[in-house]
Amino acid sequence: QFQLKNLKSAIDIQPTMWGIFFEDINFAADGGLYAEMVKNRSFEFDTPMMSWQEANEESNPSELVIINLEDLKPENPRFARLKLKGNYTLLNEGFRGMGVKNGDLYNFSIQTKLQKGAAPMRMKIALVNAANEEIGAAELMVENTAWSTMKASFTAKATEEKAKLRLTFEGEGELDMDMISLFPQDTWKQRPGGLRKDIVEKLEALQPGFLRFPGGCIVEGRVLAERYQWKKTVGAIDQRTGLVNRWNTEFDHRLTPDYFQTFGLGFYEYFLLSEDLGAEALPILSCGIACQFNTGELVPMDHLDPYVQDALDLIEFANGATTTAWGKLRADMGHPEPFNLKYIGVGNEQWGPQYIERYIVFEKAIKAKYPDMIIVSGTGPFPDGEDFDYAAKELKKLNAELVDEHYYNTPEWFLSNANRYDAYDRNGPKIFAGEYAAQSVAIASPDNKNNWQCALSEAAFMTGLERNADIVHMTSYAPLLAHAEAWQWTPDMIWFNNLESYATPNYYVQQLFSNHAGNKVLDLKYGKQPATGADQLYASAVLDEANNQLILKVVNASDKDQDKLIKLGSDIKINTKAEQIILQSKDLKAENGFSAPEHIAPQHKTIEASSKKMTLHLPAQSLSIFKLDLQ
Ligand code: AHR
């Protein structure tokens, strides 16, 4: 039997308890959340013509060359020069194709410059299907002899998952082209050059308490030169310097040689997204150590200053007055009001004395200038290993505020760690469970599934996170997004192709917890103990004072339905009708997919409730959320 003696609580649940972690892995940014449809739009990938195809007769005398003005335009040095003789066709393949929807409006733009004295040139812009038939088209006449941006919009006449962009030129002379871009009009909040609406809507439905960005390993880079540098991701879009993605060709069996970061989705856009979602922004910055799974390359301590300065400048960018240099850039980009940044992370999954000595320098500098900024530090990726223990011990000595712990492990590990924080040090740093996901096969195995067994074990673990909300202040599943045809890591919370996205069972677990977060943890017992596995039950209880509700979250991990009494303290009065939301599958291997996106999805039902004697019906292999209205 469960027991909840009273509604007294000494434990506040932080509004940041359930958040999301965005990393540009699995084509999550370019080719995913960032709605740009043209891949390698400014010819800056390592191979400048990657994703572009010249589609002309062999005898066509026209010629396309790539010009590199490294000395004049270091941030975006390349552009294409077409020496046109009659006509010429160029195709862009998009990100494993371009997703086009019948009746939707598409906005094309291009920077062009015609050679002085050349006659105007005709440019036909078309989306074509696999049979090379037009499914939407527009025309432009190029007449400008100084760089200028031209735009055209058109409506698609058919739905196509793998369309291509076809540009056809007619005329004679030399034409320079750069930043060739195509976006749907229907982006999130209809922002030009914005984000994919269906994906942001799924993020919004999570009601996340925070948004951690931009990674993950991409923060660190395989070598320091490839680390994520936020300053190169803000300002005018054509002046953001592209970078190879750290997940480019990482795994032989999932080659993605075309994985680069254009930073159209950069730090300004991440802050804006955090604001849109009502989530605290949590940027993570390089601490001067490259990914320790690659080179682990280090910047010497006496060369660390620029890294530290990046952190200080970022805070100014987010929060500074518009009279400051970085605050002014924020205002110029369209957001004079501060973003009200409260958290900043130093390093991702780094460990050892090298991390600690660098962390100390960051902490000193940040706190000297911004004493209220909460700094997130890390303990490395191997919970309870030697490195982890070392970092945890040192960070405790340093009075670190919030430590990022990551767990990628088996479903069994998640079940048996539901009590992980019950006996954790209450005098140490607070916990950010910044990356976790149950792995059905092995860490990052390509065969991992987002199956119900994994999701259910995460739910059980999360009751433990919630019960320990006095020390666990932030949590996030990882990774968040994956393109069905261009991924490097499984499992992932939301899968998408070029037309659609679907939520996994793991997503629904996250959503049920975060949509029913409450604000106080209550003392729920199963027998005399918290429910951490006895009878394969896991449970937590919270009070939601804003809605005057008592919320129970109960996982029945057994393969049998169980009916359990709950005894409420005599002063707890609830209404006779309550709601039970059930997420369940009898098949632990069951998954959602594009063809059955809601195979496993929350089911709502009204149940009888009683303050005196109430039975909780717990279906086999289920997560239940009980919402009990207080009188
Ligand atoms: O989530 C995928 C990767 O796992 C992250 O980039 C890294 O932090 C962790 O090792």
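The values are calculated or read from the model by the stated rules, or taken from the named source; none is laboratory data. From a predicted model like this one, the values you see are computed outputs, not experimental measurements. Here the Cβ positions follow ideal geometry from the backbone for every residue, glycine too, while neighbour counts run over all protein chains shown.
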Handout entry: From Arg246, Arg212, residue being charged (D, E, K, R), within 16 Å of the ligand (Cβ to nearest atom) and not in a strand (DSSP E or B)
Key = Arg246
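Which is over 16 Å from the mean Cα position of the chain (by Cα), away from the ligand (no atom under 16 Å from the Cβ) and either over 19 Å from Lys553 (Cα atoms) or touching a residue at least 60 places away in the same chain (Cβ under 8 Å) (or both), of Asn468, Asn450, Asn519, Asn417? Quick ask: steps written out before the conclusion?
Working: Asn468 fails: either over 19 Å from Lys553 (Cα atoms) or touching a residue at least 60 places away in the same chain (Cβ under 8 Å) (or both); Asn450 fails: away from the ligand (no atom under 16 Å from the Cβ); Asn417 fails: either over 19 Å from Lys553 (Cα atoms) or touching a residue at least 60 places away in the same chain (Cβ under 8 Å) (or both).
From the options Asn468, Asn450, Asn519, Asn417, the qualifying one is Asn519.
Is there a residue in the range 84-106 that is outside any loop (DSSP other than H, G, I, E, B), among the β-branched types (Val, Ile, Thr) and buried (at least 19 other Cβ atoms within 10 Å of the Cβ)? Working first, answer last.
At the first step, the residues of the range 84-106 found to be outside any loop (DSSP other than H, G, I, E, B) are 84-92, 94, 97-100, 105-106.
Those still in the list that are among the β-branched types (Val, Ile, Thr) too: 89, 100.
Pick out the ones that are also buried (at least 19 other Cβ atoms within 10 Å of the Cβ) and you get 100.
Yes; the residues of the range 84-106 include at least one that is outside any loop (DSSP other than H, G, I, E, B), among the β-branched types (Val, Ile, Thr) and buried (at least 19 other Cβ atoms within 10 Å of the Cβ).
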Practice task
Identify the single condition in (1) more than 14 Å from the ligand (Cβ to nearest atom); (2) surrounded by 23 or more Cβ atoms within 10 Å (Cβ to Cβ); (3) among the hydroxyl-bearing types (Ser, Thr, Tyr) that Thr241 does not satisfy, given that it satisfies every other one.
Solution key: (2)
Practice task
With respect to Asn468, determine if the residue is closer than 29 Å to Gly296 by Cα and out of contact with any strand residue (DSSP E or B) (no Cβ under 6 Å at 6 or more places or on another chain).
Solution key: no
Practice task
Determine which single condition Gly380 fails, assuming it passes every other condition in (1) touching a helix residue (DSSP H, G or I) at 6+ places or on another chain (Cβ under 7 Å); (2) within 16 Å of the ligand (Cβ to nearest atom); (3) modelled with pLDDT of 95 or more.
Solution key: (3)
Problem - Set Ala331, Ala311: member being in a helix (DSSP H, G or I) and in contact with a Leu (Cβ under 9 Å, 6 or more places away or on another chain) - result: Ala311
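Applying the selection to the range 353-369, what residues are more than 16 Å from the ligand (Cβ to nearest atom) and of a type outside the set (Lys, Arg)? I'd like the intermediate steps shown before the answer.
First, the residues of the range 353-369 that are more than 16 Å from the ligand (Cβ to nearest atom): 353-354, 356-369.
Across the range 353-369, the qualifying residues are Pro353, Gln354, Ile356, Glu357, Tyr359, Ile360, Val361, Phe362, Glu363, Ala365, Ile366, Ala368.
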Problem - Options Ala546, Ala503; residue that is without any contact (Cβ under 8 Å) to a residue 40 or more places away in the chain and more than 16 Å from the ligand (Cβ to nearest atom) - result: Ala546
Fill in the blank from the handout: Counting only strands (runs of 3 or more DSSP E) wholly inside the range 476-548, the ones holding at least 1 residues that are basic (Lys, Arg) are 520-522, 524-526
Practice task
Kindly list, by first and then second residue, each pair from a residue in the range 607-631 that is within 16 Å of Asn6 (Cα to Cα) and part of a loop (DSSP other than H, G, I, E, B) to a residue that is at pLDDT 95 or above and among the hydroxyl-bearing types (Ser, Thr, Tyr), limited to pairs with Cβ atoms under 8 Å and residues at least 6 apart or on different chains.
Solution key: Ser610/Thr576
